[in-house]
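**Q** Below you will find the structure I want to go over with you.
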Amino acid sequence: MTDHAPQSHDGIGVSLVDGNPAIRRARQIMLLSEHYDVRSYATGAALLADPRSRDVPCIVVDVEGTEGTGMATLQAMRASGWRGKAILLDGTAPPPALVHAAERHGDRILDRTAGDAPLLTAIAASIDRGWSGWNAEG
């Protein structure tokens, strides 16, 4: 008989970027309740200004931020050496350019109105894909 212990997220960092304070806070609380080490930012500029943001394997970002786009934020993060995965929150029909960029980097696209369960599943999957390499190199 195989014993399946619940997956622990203790100490795994997730950055959350959303210009809507109510949504950002609700998602932050939810992620904290799942034992992620979560930092939230109102803008991509705030994320980019925090040197600790490069130390997390996953960023959840609304692609239509208040200052520019989430894609510009991700491009700047990757240019600064960040090697993680992103969960891109967008409308129901993402444009082909967004889909292509996500596929190229191994990111996921979710509808911005997705509930907690799909978001948690996407975060866990993105971390599972890159966590061992992240840990060894990060």
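**Q** Give the range 88-111 a look and list any residue that's surrounded by fewer than 19 Cβ atoms within 10 Å (Cβ to Cβ) and either basic (Lys, Arg) or touching a residue at least 60 places away in the same chain (Cβ under 8 Å) (or both), or say none.
**A** The one that is surrounded by fewer than 19 Cβ atoms within 10 Å (Cβ to Cβ) and either basic (Lys, Arg) or touching a residue at least 60 places away in the same chain (Cβ under 8 Å) (or both): ARG104.
**Q** Going residue by residue through the range 74-90, is there one that turns out to be closer than 20 Å to TYR36 by Cα, in contact with a helix residue (DSSP H, G or I) (Cβ under 9 Å, 6 or more places away or on another chain) and of a type in the set (D, E, K, R)? Walk me through it before giving the result.
**A** Applying the first criterion (closer than 20 Å to TYR36 by Cα) to the range 74-90 yields 82-89.
Now drop any that are not in contact with a helix residue (DSSP H, G or I) (Cβ under 9 Å, 6 or more places away or on another chain), which leaves 82-89.
Now narrow it down to the ones that are of a type in the set (D, E, K, R): 83, 85.
Looking through the range 74-90, at least one residue is closer than 20 Å to TYR36 by Cα, in contact with a helix residue (DSSP H, G or I) (Cβ under 9 Å, 6 or more places away or on another chain) and of a type in the set (D, E, K, R).
**Q** Please give the number of the condition ASP62 fails out of (1) without any contact (Cβ under 8 Å) to a residue 24 or more places away in the chain; (2) closer than 18 Å to VAL38 by Cβ; (3) under 11 Å from the mean Cα position of the chain (by Cα).
**A** Unmet for ASP62, out of (1) without any contact (Cβ under 8 Å) to a residue 24 or more places away in the chain; (2) closer than 18 Å to VAL38 by Cβ; (3) under 11 Å from the mean Cα position of the chain (by Cα): (1).
**Q** Then there's this: I'm trying to understand the selection: among the residues of the range 48-66, which are closer than 22 Å to GLY91 by Cα, of a type outside the set (Val, Ile, Thr) and at pLDDT 95 or above?
**A** Within the range 48-66, the first condition is being closer than 22 Å to GLY91 by Cα, and the residues that meet it are 58-66.
If we keep only those that are of a type outside the set (Val, Ile, Thr) as well, we get 58, 62, 64-65.
Hit for the range 48-66 is CYS58, nothing else.
**Q** Let me ask you something else. Please work out which one of (1) more than 29 Å from ALA93 (Cβ to Cβ); (2) at pLDDT below 90; (3) in contact with a helix residue (DSSP H, G or I) (Cβ under 7 Å, 6 or more places away or on another chain) is the condition ASP10 fails and give its number.
**A** So the condition that ASP10 fails would be (3).
The values are calculated or read from the model by the stated rules, or taken from the named source; none is laboratory data. Computed from a prediction, not measured in an experiment: that's the story for all the values here. No Cβ is skipped: glycine too gets one built from the backbone with ideal geometry, and neighbour counts run over all protein chains shown.
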